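Some notes on the structure that comes next.
The values are calculated or read from the model by the stated rules, or taken from the named source; none is laboratory data. Remember, it's a predicted structure, so these values are computed and weren't measured experimentally. Don't worry about glycine lacking a Cβ; one is built from the backbone with ideal geometry, like all the others, and counts go over all protein chains shown.
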Amino acid sequence: MQLAIKYLIVTFFTILFLQCDSFLQREIHPKYKDYDTLKVPYTLYAPKSKVKLHWDLEEVSGLSYYMGGQLLAVEDETGNVYVLDAETGDVNQKVKFNKGGDYEGVEYDGVNVWVMESDGTFYSFQIENSEADNVREYKSAFSSKNDLEGLGYIRGNLLVAAKGEGTIAGVENSGKGVYTIKNNDPVPFLFIERDTLENYIKGRDHFYEIRDFDPSGIAIHPLNNDIYILSADHILVVYTSDLKLKEVVKLDGVLMEQPEGICFSPEGVLYISSEGNDSRGELFIFHYLSTSSKE
């Protein structure tokens with residue numbers, strides 16, 4: 001009987017190991033490598049590590065670098081912000097700041113934590129002893145039609161990416177709108193046209209078609225100020241600081257179920273969070289490639 005139990009245990013772990021090894025050694029489609037790593041210095045098809053997040057973060061929707069090797073994460077519904085260990089994804093603090101809602105972005109500006117709802121309502125607060133202190137609510141000119149998804153921070157202002165209708169305060173466009181927030185008012189910053197993205201990748205060998213581009217996250221690279229805009233349609237678009245299109249990358253949908261959060265450490269480590277598929281959310285960690293590693 002004991003031998004039978006030992007056999008079953010060994011068999012179970014052998015199968016588990018083979019499955020993990022199979023995933024790590026799986027063949028990567030060339031379209032996920034069809035970009036210039038001199039422009040985007042990360043192997044986005046092969047993260048340095050991948051960790052499972054707490055069950056509360058099954059629908060993780062926003063990510064920000066915080067302080068002291070920690071990240072901030074928010075999920076869609078409960079009005080909690082989670083302070084995570086940046087290496088393990090473990091929850092260090094769970095902070096209640098408001099009742100339930102549709103929370104899509106989180107950002108730390110060096111003083112305040114900001115959380116954004118999809119309808120353009122913003123909350124700011126500080127975290128003190130695992131509690132939200134001095135919580136303030138701000139209404140903006142955005143509405144639920146804009147379906148805000150991405151929240152970042154640039155040159156002293158919040159940076160917002162709209163998944164839905166991009167028309168704000170009479171400014172019309174046919175693409176997806178990115179705005180800064182100045183004095184609580186949205187100011188047009190960048191408009192992204194799907195045709196522009198397709199023209200950029202035209203002529204590539206493996207990645208040459210973009211069916212949809214719906215922004216889900218936005219972040220500024222700390223080393224060169226490039227603007228990284230993530231789409232849950234498994235596309236990453238990068239613009240230079242002077243708003244020139246720099247690169248368009250196809251992300252692996254098998255690797256990342258639904259990528260919606262993106263941020264960087266001060267040293268340039270890239271973090272992307274993805275919702276789970278009826279399971280725990282995941283955190284992907286990509287190390288910045290040095291010049292020698294690209295050659």
*asked:* surrounded by fewer than 20 Cβ atoms within 10 Å (Cβ to Cβ), modelled with pLDDT of 95 or more and of a type in the set (A, V, I, L, M): is that true of Val74 in this structure?
replied: no
The lone condition Tyr66 fails out of (1) surrounded by fewer than 19 Cβ atoms within 10 Å (Cβ to Cβ); (2) in contact (Cβ under 8 Å) with a residue 40 or more places away in the chain; (3) within 19 Å of Glu260 (Cβ to Cβ) is (1)
Log entry, pairs with first residue in region 133-151 being outside any strand (DSSP E or B), second being loosely packed, with under 14 Cβ neighbours inside 10 Å, beta carbons closer than 8 Å, six or more apart or on different chains, reads Ser140/Asn184; Ser140/Asp185; Ala141/Ala169; Ala141/Asp185
Exactly one of Glu107, Glu58 is closer than 13 Å to Gly281 by Cβ and acidic (Asp, Glu), and that residue is Glu58
Picking from Gly175, Gly164, the residue that is in contact with a Lys or Arg (Cβ under 6 Å, 6 or more places away or on another chain), farther than 24 Å from Tyr108 by Cβ and either at pLDDT below 90 or surrounded by 24 or more Cβ atoms within 10 Å (Cβ to Cβ) (or both) would be Gly164
If we keep only residues of region 53-88 that are in a loop (DSSP other than H, G, I, E, B) and hydrophobic (A, V, I, L, M, F, W, C), then the residue farthest from Ser216 (Cα to Cα) is Met67
